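Working notes, beginning with the structure itself.
Nothing in this text is a laboratory measurement; each read-out follows from the coordinates by a stated rule. Treat the numbers as computed from the prediction; the structure is a model and nothing was measured. All Cβ positions, even for glycine, are placed from backbone atoms using ideal geometry, and neighbour counts span all protein chains on display.
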């Protein structure tokens, strides 16, 4: 059952990511990510055994992530090509961050034993995921060097924050 839950969590997050990015950039359906993300989050929460802890975790991951993205857009390091915004970001980024936080609930906890690997992978895969957004037409990066420096630092720090502070509580 544990492997099935991991598979479904990874699949749910990836479907949300695809719906957000492709809904905005390729399908001219910017709300698709919101619908898919909301459905995934409702199902995830429904089947989650510890709803209170997950909601706390989701907020502890999503709020810093959303704030970071807002700062990066504010300082014009990159910008989203979007039709519907909440502040400076696409509305679907809220659902994307919340969906991403589901990975921390049971999957990324694996890195508790392998902190250096988790931090390293986070610093590599996080920025690459955003960089893919440019090739798919959902973001435009104004300064590639500044983009990678800030993204790598943020993703390193996010994983350290998760492993050293969130998991300790």
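Here are a few things to note about the model shown:
- Here the chain was treated as a single set of alpha-carbon atoms; its pair distances binned every 10 Å from 0 give 10, 39, 38, 13, 0 percent.
- Part-to-part distance (alpha-carbon centres) for the stretch 22-92 and the stretch 131-169, which is given in Å: 15
- Once the Cβ-Cβ distance of residue 70 and residue 42 is raised to the sixth power relative to R0 = 25 Å, the FRET efficiency obtained is 0.50.
- Its DSSP H runs of at least 4 residues, each contributing -39,500 (n - 2.57), put the calculated 222 nm mean residue ellipticity of the chain at -24000 deg cm²/dmol, to the nearest 500.
- Computed over the chain: relative contact order in percent, which uses C-alpha pairs under 8 Å that are six or more apart: 27
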